[in-house]
1. Based on this model, can you work out whether residue 146 counts as at pLDDT below 90 and either in contact with a Gly (Cβ under 6 Å, 6 or more places away or on another chain) or crowded, with 17+ Cβ neighbours inside 10 Å (or both)?
2. So which residues in region 7-32 are over 15 Å from residue 201 (Cα atoms) and in a loop (DSSP other than H, G, I, E, B)?
3. Output the residues belonging to region 66-87 that are part of a helix (DSSP H, G or I) and modelled with pLDDT of 95 or more.
4. Considering every residue within region 89-102, establish whether at least one is surrounded by 13 or more Cβ atoms within 10 Å (Cβ to Cβ) and without any contact (Cβ under 8 Å) to a residue 40 or more places away in the chain.
5. Any residue that is farther than 28 Å from residue 11 by Cβ, of a type outside the set (A, V, I, L, M, F, W, C) and open to solvent by 30 Å² or more (accessible area, probe 1.4 Å) - is there at least one of those in region 200-209?
6. Does residue 93 count as of a type in the set (Gly, Ala, Ser), outside any helix (DSSP H, G or I) and in contact with a strand residue (DSSP E or B) (Cβ under 9 Å, 6 or more places away or on another chain)?
7. Would you say residue 213 is surrounded by 15 or more Cβ atoms within 10 Å (Cβ to Cβ) and farther than 24 Å from residue 136 by Cα?
8. Considering only residues that are over 25 Å from residue 20 (Cβ atoms), open to solvent by 40 Å² or more (accessible area, probe 1.4 Å) and modelled with pLDDT of 90 or more, which ones fall in region 149-178?
Amino acid sequence: VSFAYDENKPVIRNASFTIPEGKITLIAGPNGSGKTTIFKLLERFYLPDGGRMMYGSDDSKAYRLDEWRRNFGYVLQEPQLFDGSVRDNITFGLDHEASDQEVRDAALLAGADGFISELPGGYDFEIGENGARLSAGQRQRIAIARAIITDPSYLLLDEATCNMDIYSAREVTDSLLRMMQGRTTVMISHDMTMLPLADYVIVINNGTIEAQGERDEVIRNSDTIKKLMGVQDVA
């Protein structure tokens, strides 16, 4: 697959890789290497300029866009919340009216029910514009609950613990691990603390695939991974 936002500056160059079903895949690489663009292509926000994106033996374009996107849960580095209640934010985008128990079950799995229950009004607490009345970790756990309640088959995590303090990042990672169970998960990160969670690793550098395979194999063979691990002092 190849892709460019500007035809004179290709972002992805003849990249071929496989995301294995039922496993946790890490897409790693330096900043600006094309990781987030891959997510945009996976969700079909953009179409490749060349090549095809396949689901098994089928071209992804054979599926209706709404049908395709319903299967994805997407957790961003900066969660997109709005001025409303906790409940409204968790259920945003659902195609049915969620019961109180359904909302609480999603929050429990996201590790969010504890702090929500302590808020004035609980699930009716007004969080402010973009969650201004919550901490970064709390905002992210509400975003995770929103992804959980849709019960997606595929989970996309885009630097989901970046820019958090160690304590908040650990809590959010625990929530993500619960959510990953039984789902095909793709994480993109240049943070190598996420590497031990991955079964499969794809390394992208300057828009091309440098390496892909089982985690230990890629660690042995990828200069980019070795460099990232060295800089971050990851064992």
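The values are calculated or read from the model by the stated rules, or taken from the named source; none is laboratory data. None of the values given here were measured: they were computed from a predicted structure. Using ideal geometry, Cβ is built from the backbone for each residue, glycine included, and neighbour counts are taken over all protein chains shown. Heads up: the accessible areas ignore ligands, DNA and RNA and are worked out on the full protein's heavy atoms, side chains in. Shrake-Rupley method; radii C 1.70, N 1.55, O 1.52, S 1.80 Å.
1. Here the answer is no, as residue 146 does not meet what is asked.
2. 7, 8, 13, 14, 31, 32
3. If the condition is that a residue be part of a helix (DSSP H, G or I) and modelled with pLDDT of 95 or more, then 86, 87 are the ones that fit.
4. The answer is no; no qualifying residue exists.
5. No.
6. no
7. In short, yes.
8. Passing the criteria: none in range.
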